[in-house]
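Engineer: Pasting in a structure now, in structure tokens, and then I'll have a few things to ask.
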Amino acid sequence: MVARKPPLSPFRALYGGCVLPKLIIAASNSAIILHLRESELHYEEGHLNALSLIMAEQADRAFLSVDLVISSVIRGMALEGVTDVASFDTKMASYTTYLSLREKLSGVPQLDAITVLNRQGRMVNFLRSWPIPDLDASDRIYFKILRDSPGRDGT
């Protein structure tokens with residue numbers, strides 16, 4: 001005689017009938033949540049890329065305006081006849097140069113001050129106050145880097 005399996009009890013069938021849909025719903029919810037997460041991550045990545053591009057362009061414009069001020073100062077020095085160290089120290093230390101630099105600074109809000117240093121690191125002009133304070137910047141890191149950088153001609 002062959003042994004027969006007992007029939008499924010009604011509780012087992014009910015249990016199986018309840019658990020299986022719950023597992024299907026949980027799996028489909030997990031898949032939907034993962035898809036939404038990936039979709040949101042891709043959207044935010046694109047948004048951050050666009051934002052970083054905008055910020056880079058804004059920073060470039062800010063530095064461009066600072067560069068224009070510095071270039072106009074250099075052009076003004078050439079027009080004033082600054083050709084050597086002595087004429088640089090004399091002309092750039094004048095009150096007229098201070099007023100001219102102050103005027104250039106007023107149109108550029110990202111610049112707080114302009115400091116003019118000579119080759120030895122001594123302050124020649126300073127836009128935060130007049131008369132200029134006696135300051136030696138030759139021991140400052142930024143001055144040493146600019147002074148010692150290869151390929152720099154001092155301008």
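Engineer: Once you charge only the Cβ atoms, +1 for Lys and Arg and -1 for Asp and Glu, what is the size of the charge dipole of the stretch 70-145 about its Cα centre, to the nearest 20 debye?
Structural biologist: 140 debye
Engineer: Take each uninterrupted DSSP H stretch in the chain, measure its Cα extent along the helix axis, and return the ones at 20 Å or beyond whose mean Kyte-Doolittle hydropathy is at least 0.0.
Structural biologist: Those that clear 20 Å and a mean of 0.0 are 10-79.
Engineer: Follow-up question, since we're still on this one. What aspartates and glutamates sit close enough to K91 to cross-link, taking a C-alpha to C-alpha distance under 12 Å and skipping anything fewer than 8 places away on the same chain?
Structural biologist: Counting by Cα, and skipping residues close in sequence, K91 has these aspartates and glutamates nearby: E80.
Engineer: For n ≥ 4 DSSP H runs only, could you compute -39500 (n - 2.57) per run for the chain, divide by its residues and tell me the 222 nm figure to the nearest 500?
Structural biologist: -22500 deg cm²/dmol
Engineer: A follow-up question, please. With only Lys, Arg, Asp and Glu charged, each at its Cβ (+1 for the first two, -1 for the last two), find how big the charge dipole of the chain is about the Cα centre; round to the nearest 20 debye.
Structural biologist: Rounded to the nearest 20 debye, it is 1060 debye.
Engineer: Could you calculate the FRET efficiency of L135 with M55 from 1/(1 + (r/R0)^6), where r is the beta carbon distance between them and R0 is 25 Å, rounded to 0.05?
Structural biologist: Here the calculated transfer efficiency is 0.15.
Engineer: Along the positive direction of the dipole of the stretch 26-148 (beta-carbon charges: Lys, Arg +1; Asp, Glu -1; about the Cα centre), which of A78, I33, L105 reaches farthest?
Structural biologist: A78
Engineer: Over the chain, what is the relative contact order in percent, taking alpha-carbon pairs closer than 8 angstrom and at least six residues apart?
Structural biologist: Relative contact order comes out at 11 percent.
Engineer: Continuing with the same structure: Please identify every one of the trypsin sites (Lys or Arg not before Pro) in the stretch 1-108 that sits in a loop by DSSP and has no more than 14 other beta carbons within 10 Å of its own beta carbon.
Structural biologist: Sites meeting the loop and neighbour criteria: R4.
Engineer: Working from the alpha-carbon coordinates of the chain, get Rg over Rh, Rh being the Kirkwood radius.
Structural biologist: My calculation puts Rg/Rh at 1.62.
Engineer: To make sure I understand the rule: partners must be aspartates and glutamates, Cα under 17 Å from the Cα of K144, and not fewer than 8 residues away in the same chain. Which ones qualify?
Structural biologist: D136, D153
All of the numbers you see were taken from the coordinates with simple rules; none came from a lab. What you are looking at is a predicted structure, and each value in this text was computed from that prediction instead of being measured. FYI the Cβ positions are ideal-geometry reconstructions off the backbone, even for glycines, and counts take in every protein chain you see.
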